[in-house]
Amino acid sequence: MDGVHDEVIARAVEQLVCADLGVECWPVEKAAHVCWMEMLKNERISLPTGSWLEDRIRQAMEGREARKMADAVISLLRENP
């Protein structure tokens, strides 16, 4: 299930970077829906429905891994405007 973890982290990083830069971003609910669709199509994994994926993305947004990656993305943007 590494693909699920990677996808959740990617969605969390998107949310963090957009929030930090003041850029409008999809709501977590829509990001979770797209993530669910991509996992089904690309990984052939059907994730639980409801708020399961939204909750995982929100949890990842509070964790160090996504924060570190978001900071790296923002650093790249600032170094290469």
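The values are calculated or read from the model by the stated rules, or taken from the named source; none is laboratory data. Since this is a predicted model, take the numbers as computed values, not measurements. Every residue, glycine among them, receives a Cβ derived from its backbone with ideal geometry; neighbour counts consider all protein chains shown.
Quick one: in the stretch 1-20, which of the residues that are more than 16 Å from Glu62 (Cα to Cα) and loosely packed, with under 14 Cβ neighbours inside 10 Å is modelled with the lowest pLDDT? Steps first, answer last, please.
Filtering the stretch 1-20 for residues more than 16 Å from Glu62 (Cα to Cα) gives 1-4.
Remaining after also requiring loosely packed, with under 14 Cβ neighbours inside 10 Å: 1-3.
Details: Met1: 50, Asp2: 73, Gly3: 79.
Result: Met1.
Residues that are within 22 Å of Asp2 (Cβ to Cβ) and of a type in the set (Val, Ile, Thr), at least 2 per element: which helices (runs of 4 or more DSSP H) completely within the stretch 12-81 meet that? Write out each step before concluding.
On the way: elements: 28-38, 52-61, 64-79.
So the answer is 28-38.
For the stretch 32-58, how many residues meet the condition of being within 12 Å of the chain's Cα centre (by Cα) and in contact (Cβ under 8 Å) with a residue 24 or more places away in the chain?
So the first thing to find is which residues in the stretch 32-58 are within 12 Å of the chain's Cα centre (by Cα), and the list is 32-36, 53-58.
The next check asks that each one be in contact (Cβ under 8 Å) with a residue 24 or more places away in the chain; those that pass are 32, 35, 53-54, 56-58.
The total comes to 7.
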